[in-house]
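> What follows is a single structure, and I will ask about it in a moment.
What follows is calculated from the coordinates using simple rules that are stated; it is not laboratory data. On a predicted model such as this, the values are computed, not experimentally measured, just so you know. Note that we place each Cβ from the backbone using ideal geometry, even for glycine, and neighbour counts take in every protein chain shown.
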Amino acid sequence: MKAKRTQSPYDRGLIEYGEYINDFDESALARAINTWQAARSSEPSNSALHLALSYGLDSTDQTEEALEAVRVAKELDSDRRDAEIMYLTLLAELGQEAEALSGIEAAAERQEVDLATLRLDSRRLGHLRTRGPFS
Amino acid sequence: MNGFLRARNWVRSWLMDEVDRAEAAAGRHKNGPQDELDECLGLQAALGEALTWTGVPEPLRPLGPWAARLGAGDDVCRPLLFATLSEAERSELQEIVGECASAAHQWLDEFGSQALTDEAAAVMYLLLGIEDME
């Protein structure tokens with residue numbers, strides 16, 4: 001049995017997500033989300049799993065669940081800038097602007113983002129709340 | 001700052017890279033499923049030829065040809081191999097496994113924490129494939 005390949009549930013979800021993208025198969029997206037949700041118990045520390053799940057949930061307008069998943073991804077790997085930005089985006093879209101702005105400013109400081117530019121985009125946050133500032 | 005403005009694009013780009021990685025790890029071929037099946041058939045044929053059933057309990061030996069053909073440990077290949085079965089073959093396989101399943105599980109249990117032999121692993125994966133088939 002040397003030529004054995006095993007798939008983690010996370011990877012299985014990725015392949016299902018790929019089927020959704022490549023074959024325009026909507027049911028494959030639901031399968032990917034289900035696979036990733038089930039995989040949380042077997043791969044609880046896999047930050048990528050939680051981020052992928054968040055993206056899938058967000059794609060199906062399950063924004064609050066997506067926020068929770070990306071929050072976990074961010075906490076598991078504090079170096080994940082994509083998770084942090086996604087988290088702040090969803091926070092803002094869910095109307096939690098104060099926390100989002102606070103997070104944006106903290107992230108900008110850590111990453112040495114130009115604060116003048118940041119202020120402009122922070123203002124956009126309030127104006128674009130209903131559509132989402134970062135999408 | 002672009003990340004703030006295109007958060008979803010950023011994550012999507014990363015996710016598609018992950019999909020490519022997972023597909024490559026799974027041996028998925030961009031050229032289509034036939035290539036994948038051909039590769040699985042080739043791998044399994046080589047594995048099947050290496051199995052020897054003389055050390056397997058006699059009541060389980062009818063499973064040998066089926067385990068050699070379908071008992072793939074590869075999670076990607078196994079369903080592809082099962083998909084090659086005709087309806088008649090499926091019926092025959094289910095009948096044989098129905099007669100041997102209890103003894104097969106008992107034999108597998110005897111390995112306890114010891115590593116399975118290749119033949120035992122092939123039987124285990126055959127049983128696993130049948131469960132998935134049902």
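> Measuring from centroid to centroid over Cα atoms, what is the spacing of segment B:36-92 and segment A:37-88 in Å?
After rounding, the separation between the Cα centres reads 39 Å.
> At a 4.7 angstrom Cβ threshold, list every cysteine in chain B that has nobody to pair with, or say none.
For chain B, the answer is B:C100, because their Cβ atoms have no other cysteine Cβ under 4.7 Å.
> Largest first, please: the extent of the C-alpha atoms of chain B along each principal axis, to the nearest Å.
Answer, in whole Å and largest first: 69, 35, 27 Å.
> Testing the spin-label approximation: label points 7 Å from Cα along Cα→Cβ at B:D35 and B:I96. State their distance in nm.
Roughly 3.3 nm, to one decimal.
> DSSP loop GluC sites (Glu not before Pro) in segment A:54-90 with at most 15 other Cβ atoms within 10 Å of their Cβ, which ones?
Answer in residue order: no site qualifies.
> What's the FRET efficiency of A:T6 with A:T63 using the Cβ-Cβ distance as r and R₀ = 45 Å, to the nearest 0.05?
So the FRET efficiency works out to roughly 0.85.
> For chain B, what are the DSSP H helices with axial Cα length of 18 Å or more and mean Kyte-Doolittle hydropathy of at least 0.0?
Helices meeting the criterion: B:118-133.
> Quick check: pseudo-label points 7 Å beyond the Cα along Cα→Cβ at B:T117 and B:M16, how many nm apart are they?
5.1 nm
> How large is the helix-only mean residue ellipticity at 222 nm for chain B, computed as the sum of -39500 (n - 2.57) over DSSP H runs with n ≥ 4, divided by its residue count, in deg cm²/dmol to the nearest 500?
Calculated mean residue ellipticity at 222 nm is -22500 deg cm²/dmol.
> Moving on to the next point. How far apart, in nm, are two points set 7 Å out from the Cα along the Cα-to-Cβ line at B:H105 and at B:E58?
2.5 nm
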